[in-house]
Amino acid sequence: MSEKAKVYFVNTEQMVSWFGFAPDSLIDRLERLWNHKEMKLNEWIKPGDKVIIKTHFGSSNQTRHLRPMYIRKIVDLVRKAGGIPWVAECVGLGFLGQNPEAFMSTGPGYIYLAAQHGFTLGSMNAPIILLDGVWGTDTFMVPIENGKYLKRIAVAMGLRAADKILIVARFKGHDNAGFGGALKQLGIGCVGKQGKGEAHCGGNENIYIKHPENCTACGKCLEVCPSSCLSLDDGKIVLDSNRCIACMHCWSVCIVDKPKPEQRVFGLKRGLNADEQVERMMDNAAGVVKLLSSERIRYINIAVDITAQCDCLPAAGHPLVPDQGILCSKDPVAIDQACVDLVTMARGLPGSPAETGIHCGSPEKGIHFDPDPSALEPGSEKLGIFSAFVEPELRSKIVEIQLSAAEALGIGSRSYELIDVTEESKDAASGEEVKEVRKNER
Ligand code: SF4
Ligand code: SF4
């Protein structure tokens, strides 16, 4: 039997007030996890290594994104090991956002948004960079053989510049994918818009001019198309699909004037079910992992503020369960599986969607998703059931679909050993004899 993947963990239980002598906040525990004798991130980074710390800056007006202090601590630890840290992200799909100045779908907007959320050169003591450029089109193609849908992956160009990559995710639920952690950081967060378009929209072959009669020849989409594959012919829009990269720039600028679905000029030939979207996302992840050998990449999942919805949605609401802690591993599948299991085994928080359900859309016409009556109980499902964009029949399966697709592609293993080093690290900090660590397995 092959060895189980190791996932190291510091929990949030019993924080001790040491009155400053031996600090014991989650940030302090993160440092001890980093230095742990088996994880050894302090030795993994070599002097002079360029280290990309890939995270998510949140979306406009979103309040549950990862707090900057976690990333700043990691920057400090990289510097202490002799590395050169860059705090990095890729831009989002489309071209616009709620806030015309601070939006995540172009480089300048996302850097401005990152600053609003506390991620600046000054606060991080590291440059804030976008791995796929100003428009999210700075990518290169990585071929993969075993992708279920995709054979060439549009990986963010900036990843090539790093010696080491730390994928740092806030673990949470997700509307399309059941949950978002290390795997989603790889499959969406580390690819350019072309890769995001493949996962969300089915790529260039799936985009077409659905209602040419509604084109007013305003020209806005021509201005933002990075591939110059749109033109106006006799006052109506024409698309050259062969050159399109499915960035959705055109759709997002046109939709501003034509918000009703039946008026929209651009459409998809077929809608993608959530299982196909997630499996395409995992194909992307396989391409990123293929580029970055396992020795160059480590994963840190920060399981705090575990909301039902992701960092892209402002209305994240109350966390489903109490904060769990911080996990670290070489294996992105194992670390996400461990987080899923921690959330499942936690007691749901009263007042959270685990008790109240979740409402999408206007108060009058929106849809309400009720939780299972047992969702507050430890052992009950809490993630996929709130994935509002997932077909009802797939909601209870979508977490499983993401994890099993990743494992089938060889990205990692769902079989893991969770090694809780919280007590060990506390004892080491206080100079006491090291106690035995608690271990969970799957
Ligand atoms: S943005 Fe819409 S309306 Fe304007 S030219 Fe493009 S397709 Fe036509
Ligand atoms: S036509 Fe294709 S490449 Fe051009 S803006 Fe639209 S989605 Fe992007």
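Would you list, by chain and number, the lysines whose Cα falls below 24 Å from the Cα of residue 50, excluding same-chain residues fewer than 8 positions away?
37, 40, 73, 80, 164, 184, 290, 330
How high is the relative contact order of the range 39-102, given as a whole-number percent (alpha carbon pairs under 8 Å, six or more residues apart)? It would help to have the intermediate numbers written out before the result.
Values: 66 pairs, mean separation 28.9, N = 64.
In percent, rounded to a whole number, it is 45.
For residue 257 and residue 408, FRET efficiency with R0 = 56 Å and r from the beta-carbon atoms, rounded to 0.05? Let's see the in-between values first.
Numbers: r = 43 Å, r/R0 = 0.77.
Result of the calculation: an efficiency of 0.85.
Of 322, 304, 195, which is farthest along the charge dipole of the chain in the positive direction, counting Lys and Arg as +1 and Asp and Glu as -1 at C-beta?
195
Given contacts defined as C-alpha pairs under 8 Å and at least six residues apart, what's the relative contact order of the chain, whole-number percent?
Numbers: 1007 pairs, mean separation 87.8, N = 442.
Rounded, it is 20 percent for the chain.
Got a sec? Charge dipole of the range 204-268, +1 on Cβ for Lys and Arg, -1 for Asp and Glu; which of 256, 239, 268 is way out at the positive end?
256
How much mean residue ellipticity at 222 nm does the chain get from its helices, if each DSSP H run of length 4 or more adds -39500 (n - 2.57) and you divide by all residues, to the nearest 500 deg cm²/dmol?
Values: 13 runs with 116 residues, N = 442.
Computed ellipticity for the chain at 222 nm equals -7500 deg cm²/dmol.
Could you state the angle between the C-alpha long axis of helix 332-345 and the longest principal axis of the C-alpha atoms of the chain, as a value from 0 to 90 degrees rounded to the nearest 10?
Between the helix axis and the principal axis of the chain, the angle is about 80 degrees.
Compute a Gaussian network model of the chain, connecting alpha carbons closer than 10 Å, and tell me which residue from 420, 175, 233 fluctuates the most.
Of the options given, 233 has the highest mean-square fluctuation.
Tell me, in nm to one decimal, what length is gained between residue 273 and residue 389 on full extension, where the rule is 0.36 nm per residue of separation less the Cα-Cα distance? Let's see the in-between values first.
Numbers: separation 116, 0.36 × 116 = 41.76 nm, distance 0.92 nm.
Result for the pair: 40.8 nm of gain on full extension.
Taking the Cα centre of the chain as the origin and placing charges on Cβ (Lys, Arg +1; Asp, Glu -1), which of 128, 421, 25 is farthest toward the positive end of the dipole?
Result: 128, furthest along the dipole toward the positive end.
In the chain, what % of DSSP beta bridges are antiparallel (nearest 5)? Could you put the intermediate results ahead of the total?
Values: 33 of 56 bridges.
So the antiparallel bridges in the chain amount to around 60 percent.
Note down the relative contact order for the range 64-162 as a percent, whole number, built from C-alpha pairs under 8 angstrom at least six residues apart.
Relative contact order here is 23 percent.
If r is the Cβ-Cβ distance from residue 365 to residue 141 and R0 is 30 Å, what FRET efficiency results, to the nearest 0.05? Mind dumping the intermediate values first?
Numbers: r = 42 Å, r/R0 = 1.42.
For residue 365 and residue 141, the calculated efficiency is 0.10.
Taking 56 Å as R0, compute the FRET efficiency from the Cβ-Cβ separation of residue 79 and residue 345 and round it to 0.05.
Values: r = 36 Å, r/R0 = 0.65.
Once rounded, the FRET efficiency stands at 0.95.
Taking springs between alpha-carbon atoms closer than 10 angstrom, which of 389, 95, 171 fluctuates most in the Gaussian network model of the chain?
389
Rounded to the nearest 20 debye, what is the charge dipole size of the chain about its Cα centre when +1 sits on each Lys and Arg Cβ and -1 on each Asp and Glu Cβ? Don't skip to the end; give the middle numbers.
On the way: 50 positive and 55 negative charges, 198 e Å.
For this selection, approximately 960 debye.
Taking the Cα centre of the range 204-268 as origin and charging only Cβ (+1 Lys, Arg; -1 Asp, Glu), how large is the dipole, in debye to the nearest 20? Numbers along the way, then the final one.
Working: 7 positive and 8 negative charges, 38 e Å.
Result for the range 204-268 is approximately 180 debye, rounded to the nearest 20.
I want to verify a result. In a Gaussian network model of the chain, Cα cutoff 10 Å, which of these has the top mean-square fluctuation: 194, 277, 62?
For the chain, modelled as a Gaussian network with Cα springs under 10 Å, the answer is 62.
Measuring from label point to label point, each 7 Å out along Cα→Cβ, what is the residue 223 to residue 397 span in nm?
It works out to 4.6 nm between the two label points.
A short reminder: the numbers here are calculations on the coordinates, not readings from a lab. Everything numeric here is computed off the predicted structure, so don't read it as measured data. Using ideal geometry, Cβ is built from the backbone for each residue, glycine included, and neighbour counts are taken over all protein chains shown.
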